[in-house]
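Heads up: the structure comes next, in structure tokens.
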């Protein structure tokens, strides 16, 4: 299994930050997308079509874990909980 660092090293990997837009504006991983946790159900079909690794992040890993469980129940497989966005940013840039 690939490590988070290997997954984040791919240009194809999509990073989705599930925090609120206000939190996202306060800082986020470069090139990440902001889809607040409560809006994730509206994006299931779009996310299924991406056909690329998806790394979820939030402030601590709690909300991204909830999003991960929900999306796995909806049939997505190439999906990972990156934890807090600062951790994802650190792994991606080092």
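Report the residue, chosen from 61, 82, 26, that carries the largest GNM mean-square fluctuation when the chain is represented by alpha-carbon nodes joined by springs under 10 Å.
So, out of 61, 82, 26, the one fluctuating most is 26.
Ranked highest first by average number of other Cβ atoms within 10 Å, how do 66-75, 48-57 line up? The partial results should precede the final answer.
Numbers: 66-75: 15.2, 48-57: 17.6.
For the peptides 66-75, 48-57, the packing ranking is 48-57, 66-75.
Please report Rg over Rh for region 2-94, where both radii come from the alpha carbon positions and Rh follows the Kirkwood definition.
0.92
In Å and from the alpha-carbon atoms only, list the Rg and Dmax of region 1-46.
Cα-based Rg and Dmax for region 1-46 come out at 12.1, 34 Å.
Values quoted throughout were computed directly from the atomic coordinates according to the rules given, and no laboratory measurement underlies them. Since we're looking at a predicted model, the values are computed, not measured. Cβ coordinates were reconstructed from backbone atoms using ideal geometry, including for glycine residues, and neighbour counts include every protein chain displayed.
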